[in-house]
């Protein structure tokens, strides 16, 4: 069991043993999460740096933020811990180039939830992880699944380089949108993923339902939709039932449900919104609420067999729990996993179709 997991020692354990100075590349929420783990493991960081063009006398967590060039001038060699997400080619190439000059780790900390994705964590969930792996419909999905897990344990970006594919592959080979889709977009943001879909259908569709909980994003979504016909938009979060939930608004892609939100927001289930009507594609990128969104779509999924596009990276358990849940709701589905260009292993998604 779990023979596809090659990494046994975590990046945290390797950093504990590191004799070279450790520098954190980046600031913000990611760096704060990593520093919390460093304190737990007793890992010492010597300093923080940013790209030369971004340093303007910053300080972070009591450290003066240096330029990369300053660190390279004063240190013979050092270890880099990447503390931010890179999602466009120029920045990712810069990260890769740094990894060729220095030891580089990209620690995996969950976007939502707690705990770390370690080999011990995998052993605790060995049966579920193995079952999800065996559900994968093609060898590429199994390779992606294994590589993402090995990356999450090791922090080694080589695992991601091996499996990164273009999103066009997903649309052209798995989802295959047609001109008569009933598309449900959960986490519609400002309309970008609606347009992404319509680029493949020459702007043709039967019906679109789009949910976006953040008010500022929703206003932009309204502007995008404007007077287009057959698009229904909802300023709601998605959940397993219709209810009110606390919501943390960040006016961006990371707005999410929260234990303590600044306000309560109306939350809807897909089954409630559709009321038995057809869906042919459902996309879910809902900042850690994918499990609840799936439960709230189960009647639609079992009745209409829509193709599914589900984010697989927000919580530690998502990578095995969500494939197993989709299989439980509708065992007829074939399951696929693909990873698009991103460091860390964000933009790793589950796809399902009959």
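Things worth noting here:
- Residue check for residue 225: touching a helix residue (DSSP H, G or I) at 6+ places or on another chain (Cβ under 6 Å) and either within 17 Å of residue 290 (Cα to Cα) or assigned by TED's automatic domain parsing to the domain that holds residue 301 (or both): no
- Yes/no for residue 185 being surrounded by 14 or more Cβ atoms within 10 Å (Cβ to Cβ) and at pLDDT below 95: no
- When the helices (runs of 4 or more DSSP H) confined to segment 3-84 are screened for residues that are under 28 Å from the mean Cα position of the chain (by Cα) and within 23 Å of residue 159 (Cβ to Cβ), those reaching at least 3 such residues are found at 11-16, 29-41.
- Counting residues in segment 148-157 that are free of Cβ contacts under 8 Å to residues at least 40 places away in the same chain, out of contact with any strand residue (DSSP E or B) (no Cβ under 6 Å at 6 or more places or on another chain) and assigned to a helix (DSSP H, G or I) gives zero.
- The condition (being within 19 Å of residue 151 (Cβ to Cβ), surrounded by 15 or more Cβ atoms within 10 Å (Cβ to Cβ), out of contact with any helix residue (DSSP H, G or I) (no Cβ under 8 Å at 6 or more places or on another chain) and in contact (Cβ under 8 Å) with a residue 12 or more places away in the chain) is satisfied by just one residue among 84, 117, 112: 112.
- Considering 183, 200, the condition of being out of contact with any strand residue (DSSP E or B) (no Cβ under 7 Å at 6 or more places or on another chain) and in the same structural domain as residue 307 (by TED's automatic domain parsing) is satisfied by 200 alone.
The values are calculated or read from the model by the stated rules, or taken from the named source; none is laboratory data. Because the structure is a prediction, the values reported are computed rather than measured. Here Cβ is always computed from backbone atoms with ideal geometry, including for glycine, and neighbour counts include all displayed protein chains.
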